[in-house]
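Peer 1: Structure in C-alpha cells, see below.
The values are calculated or read from the model by the stated rules, or taken from the named source; none is laboratory data. Everything numeric in this text was worked out from a predicted model, so none of it was measured. Glycine gets a Cβ as well: all are built from the backbone with ideal geometry, and neighbour counts include every protein chain shown. Heads up: the accessible areas ignore ligands, DNA and RNA and are worked out on the full protein's heavy atoms, side chains in. Shrake-Rupley method; radii C 1.70, N 1.55, O 1.52, S 1.80 Å.
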Amino acid sequence: GEVQYTPHVGGSILNSAIALGRLGADTYFCGAISNDTFGSLIENCYKKSRVQEDFVIKTNRSTTLAYSDINDDGIAKYRFVDENSAGRLIDKNSIKPFINNMKNAKALLVGGISLQAEPSGTSWQWVVEQVAGHCVIYYDANIRPNFIEDKAKYLKRFERLTKKVDIIKISEEDYSYLYGEQDFIKLSTEWLERGIKLIVLTLGEQGVKVIYGGGKEISVGVEPVKVIDTIAAGDSFNAGLLFHLDKQKMLDQEKLASIEV
C-alpha cells in the first residue's frame, strides 16, 4: 500500500529524439547527460532507440528528476528536482563545438524546461540565434510554470524566439499561461509576419489547429482513445510531425513558407 516511484527515462526533447529514432529518422540528441545511475539509464534508452550521441555532453552533475503523479484522467502532475543539474547548468562553451554541425542539420528541435530555467535558458536561446536561418527550427513551448521565476522576462524570451524559429507548437494550456484571453488568431498573424512558417496549436481531445501561409487555417481531429497517461504525448506529436515533414521533403525554410494543404 505504500507509494512507490519507478524510474522512467524522459524529458521533453529527449522524448522526441527517442520517438524519431524509433521511427527510423537520422536523429541526434544534444544535451548534458550525467555520469550517475539515472544518466546510465538515459544513455541505454536512447542508444536502443537509435539516437546518435555525437552532441552529448557527459558531466558529473546530477540528473534532473521529475516526480509524476497521475490522476484518474491520465493527467500528470509534476514535481521537479533540478538544482545544479546536468541540464540546467549547460553553458554556451559546452555547445559551441557543435554549432556548425547543427547549422547543417535538416531541423533543430528546442523547447521545454531547457529554455525556462537558468542558466540553460540563456544558453539555448544563444543556440537558436546562432542556427537561425541555416536550418528549420521547431520550437515547442511546453510550459512548466514552476521553472519560470520571472514570467515577464520569459515572455520577452518567447517573443524574441518567435522572430527566429520556423515552426512553433503551443498547447492551449501554454497559450493561456502566456497570453490569457488574448485573441489567438490576431497573435498568430503577428507571428507569421515575424517569419514563422507553421503555427501548431494543440487542443487535447479537440485535435490540432494549424495556421500557415499568411493566415490559412486547418483543423485536424483525433480519434477517441482510452488515455492511460499523457506523459510525452506532445513530445511524440513533435516527432511525428517532424518525421512526416521530412518524408514529404518539407524540412526546408522556403518550402515551409509556401506550404499548401
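Peer 1: Would you say THR63 is farther than 21 Å from TYR138 by Cβ, modelled with pLDDT of 95 or more and either within 19 Å of the chain's Cα centre (by Cα) or open to solvent by 30 Å² or more (accessible area, probe 1.4 Å) (or both)?
Peer 2: yes
Peer 1: For the range 52-147, please list each of the strands (runs of 3 or more DSSP E) lying entirely inside it that holds at least 2 residues being more than 30 Å from VAL3 (Cβ to Cβ) and of a type outside the set (Lys, Arg).
Peer 2: Per the criteria, 56-59, 107-111, 136-140.
Peer 1: Please go through the range 223-239 and pick out each residue that is surrounded by fewer than 13 Cβ atoms within 10 Å (Cβ to Cβ) and closer than 30 Å to LYS186 by Cβ.
Peer 2: Within the range 223-239, no residue meets the criteria.
Peer 1: Within the range 191-248, how many residues are in a loop (DSSP other than H, G, I, E, B), of a type in the set (Lys, Arg) and more than 21 Å from VAL110 (Cβ to Cβ)?
Peer 2: Residues that pass the stated criteria total 1.
Peer 1: So ILE70 clears everything in (1) exposed (fewer than 15 other Cβ atoms within 10 Å of the Cβ); (2) over 29 Å from GLU149 (Cβ atoms); (3) of a type in the set (A, V, I, L, M, F, W, C) except one condition, right? Which one?
Peer 2: The failed condition is (2).
Peer 1: Where residues in the range 108-127 are of a type in the set (A, V, I, L, M, F, W, C) and crowded, with 19+ Cβ neighbours inside 10 Å, which of them is farthest from ALA232 (Cα to Cα)?
Peer 2: Among residues in the range 108-127 that are of a type in the set (A, V, I, L, M, F, W, C) and crowded, with 19+ Cβ neighbours inside 10 Å, the one farthest from ALA232 (Cα to Cα) is VAL127.
Peer 1: Out of LYS255, LYS164, which single residue is among the charged types (D, E, K, R), open to solvent by 60 Å² or more (accessible area, probe 1.4 Å) and under 21 Å from ALA25 (Cβ atoms)?
Peer 2: LYS255
Peer 1: Sticking with this structure for a sec: Of everything in the range 20-35, what is crowded, with 20+ Cβ neighbours inside 10 Å, assigned to a loop (DSSP other than H, G, I, E, B) and touching an Asp or Glu at 6+ places or on another chain (Cβ under 7 Å)? Give them in sequence order.
Peer 2: PHE29
Peer 1: Looking at (1) of a type in the set (Val, Ile, Thr); (2) open to solvent by less than 50 Å² (accessible area, probe 1.4 Å); (3) part of a loop (DSSP other than H, G, I, E, B), which one does ILE13 not meet, given that it meets all the others?
Peer 2: So ILE13 meets the others, but not (3).
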